[in-house]
Each structure stands twice: as structure tokens, then as C-alpha cells.
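A short write-up of the structure that comes next.
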Amino acid sequence: MNSPKFSLLSQGLEHVLAGRWEEADRALASLRARLDVDAHAEDMQYLIFAAALSMRMGGEAATEFNLYRRRFEQSQIGLFSLLSSKLPFVSMASAIANEMLTGFIRGQEAITVLDVGIGRGLQEVALLDRLAEADALPQRIHFFAVEPDQDSLNTAREALSAAAQRLGVVLSFHGVACVAEELSEEHWRLLESLPGRRLATAAFALHHIAERPAPEADAREGFFQRLARWAPAGVVLCEPSSNHHRVSLGERFHHAWRHYFFVFQLLEELDISRQEKNAIKLFFSREVEDIVGTEDETRRSERHEHVSAWLSRLVRTGFQPAQGLERAWPAAHPAIAVRPHAGYVGLEYREETVVAILCASVAPPAA
């Protein structure tokens, strides 16, 4: 990108990388003087990234952005609900994931679903309705829901119980208020005791698996290895496709800028209010703060990876990426292309895969 605003932002980044705090402050202050987020939609991204850089130094940009944020303040889970209903990447990913899960569930009398990051259960209620529509509802469903927010778990339990009662399905709900890497052997043994075909799903959750300081074991690898031992018939994951995991600050800044540029450009094409657009951008501002503004690597939680990294991890830990994903998948917005690949369906904007829906099963034993 070649513009005076981006040049100033890049200068700020270079000064931060070199530890030149005063020069960074001057470059970012110069950038802020050119911004008018109420008049120019693109200026919000500059302000968000400038504030994230400033966080590393305790600079004024972060304070200024916090004042702006108060105009649209909502909880992160509330913002995610808005995002889920308004941003096509999320609604399309959920619909495609539910179609994949329906394929694994069809013809089963009982299923057990390990659901990591269930949130308020919106996607799962939609799954039950889709199964009913496809005449594929099993008689019994066991949800083993992993979600660190207890209030969200309670909401998901109530929503799924009501949906099951409405549809005439016997449903049990086991809620665990933790993150994926904290599942204990006791949890896994409980999972192993539940009947029916085993499925695992996670929507925009597994990139939150934390980085452990050396020489501790890789938490992501460990989770997938243990998941493979549980041997689910199907695994369906929704993840952003970018690289903010184990790369330098400079690299992840540029990966993040590119990723959120596409997301924000799509937002500007949507027929929703300016207030809704800005509120959704505020949701992503917290992600940018985590990716760019957090100095302690072990405290970062927005650790997105490219879809190829997720596929490689699935293969390494004993899964087989799905084939034959070429079909007419649900679509929600003409600006987004739905493109099938080996092991995943990509949601593309301007020929960039922004979100991937991965599908796999446990690989058969070698002959």
C-alpha cells in the first residue's frame, strides 16, 4: 500500500521495532492529525493499528482510541453476536460447517459432539434446525461444550435445550468452563463414555490456544494429538486464514494489516448502518491490540494461522483431510467467493482466502 498515511504508520512501526519511542510517537501523532474516522471509513483501520503500536509504549494513540471506543462500547461477546448476524464471513462459515456436520450425522441414531468455543450456541441451534430440515435428526444428541465464559455456557445450554424440546430430540449438555488446552484426562474419559458417532467442531476458537514458554510441549499439537486418540468420525473447524502465531512483530503487523483490510473493505460494502460497521470494527480492534500491542508472547491469544498450517497439523496428528468438497455451498454475499479445496472450503474476498472451513476425519491405520 502506498499512501502518506500508510507511510507514517510504517515509520511508526519501524521506530517501534528499533526501540525509538520518541520518533515512533512523533510519526503516530503525525498520522493521527490526518485522520477523521467519522468522515473517512478507511481511517478507522489506521487509528486501530496506530493505537495497537502505541500500546507497546503507553502512548497517546491508545488513550485517544479508548475514548473513541466508549462511544460504541459493548461486551466482546455482544459484539461477536452482532458480527455473527451481520458479517457474511461468519454466517457463511457457520452455514457451511453445519452442512459438513450434517453429512457426518445423517443416518445416525445418536451422536456426541465435542464443541470447542460454543459461545451462546447460535450455530448449534441452527445445526439442529438444519438437521430437522434435512430429515437427518438423530434420536439422541450429547453436546460436550467447552467455553471459558460461564454465562455463555448457560445461555447455550438453555438455547439448545429449548431447540431440542421444540424438535423432539433427547439432548444432554455437558458444559466445561475452560479453554481447549485445559481439558483434563477426566474430561476426555467422560467424552469417551458418551454414546454415538463422535464429532468435533470449533468455530473461530482454536487459534486462541495459548503459546507455552519453552521447553513446555506445544499446546496446539497436544490438543490435536489427544483429539485424534478420541477418534472422531468427523472434525469441522472454522478459522481465519492469516499468520499471527510464531512470526516477528513486523511480519504479523503486515499479515494483520492485509487480513483486516479485506475484512473492513467487505464491511463497507454491506447494507448496514455506520454505527454497526464501526461497532464490528471495534470487535476486531481488540484482536489487533492483542496481535500487535502485546509484548509478552505468552499472553497473546489472537494467534491466527494460515489454512495450510492447520491442514498440516491435522495430518501430523493423525487426521485425513476430506476430499470431494466440490458442491454448491450456501452463499450469503455476492462479493465473497466460495472455493473448495482438498480439506477445506475457502471464503475469498478479492481472491484472498479470509476464512477457511476445514473438514477431516481420523486417518485409517496404515496397512
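FYI, it's all coordinate maths here, none of it is from the lab. A quick note: this is a predicted structure, and the numbers were derived from the prediction, not measured. Positions of Cβ are backbone-derived with ideal geometry, glycine not excepted, and every protein chain shown enters the neighbour counts.
Numbers at a glance
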| read-out | value |
| --- | --- |
| Net charge of neighbours whose Cβ lies under 15 Å from the Cβ of W329, counting Lys and Arg as +1 and Asp and Glu as -1 | 0 |
| Within-15-Å neighbourhood charge of Q108 [Cβ basis; K, R +1; D, E -1] | +3 |
| Cβ charges +1 (Lys, Arg) and -1 (Asp, Glu), total dipole of the stretch 168-258, debye | 300 |
| Radius, Kirkwood style, for the stretch 212-367 when every pair of distinct Cα atoms is counted (Å) | 17.3 |
| Dipole axis of the stretch 266-355 (+1 Lys, Arg; -1 Asp, Glu on Cβ), positive-most option in Y349, P334, L314 | L314 |
| Amide H contacts under 5 Å for V355, placed H, 5+ residues apart | S241, L347 |
| Computed magnitude of the charge dipole of the chain (debye, nearest 20; Cβ of K, R +1, Cβ of D, E -1) | 480 |
| Leading residue at positive end of dipole, the chain (Cβ point charges), from F262, L194, W21 | L194 |
| Share antiparallel - DSSP beta bridges, the chain, percent rounded to 5 | 45 |
| 5 angstrom amide H check on V362, placed H, neighbours 5+ away | Q320 |
| Over the chain, relative contact order from alpha-carbon pairs under 8 Å, at least 6 apart, % | 18 |
| Expected 222 nm ellipticity per residue - DSSP helices of 4 or more, -39500 (n - 2.57), all of the chain, to 500 | -16000 deg cm²/dmol |
| Inter-part distance where the stretch 163-183 and the stretch 246-299 are each reduced to a Cα centre, Å | 31 |
| Mean projected area (nm²) of the alpha-carbon convex hull when the stretch 70-196 is viewed from all directions | 8.5 |
| Cα-based reach from K86 at 13 Å (exclusive), listing aspartates and glutamates while leaving out same-chain residues under 8 positions away | E268, E269, D271, E276 |
| Hz values of 3J(HN,Hα) by residue in the stretch 156-165 - Karplus curve (6.51, -1.76, 1.60), Gly and Pro given as x | 4, 4, 5, 5, 6, 4, 5, 5, 5, 5 |
| Scattering curve values for the stretch 109-157, log₁₀ I(q)/I(0), Debye with Cα scatterers, q = 0.15 Å⁻¹ | -0.40 |
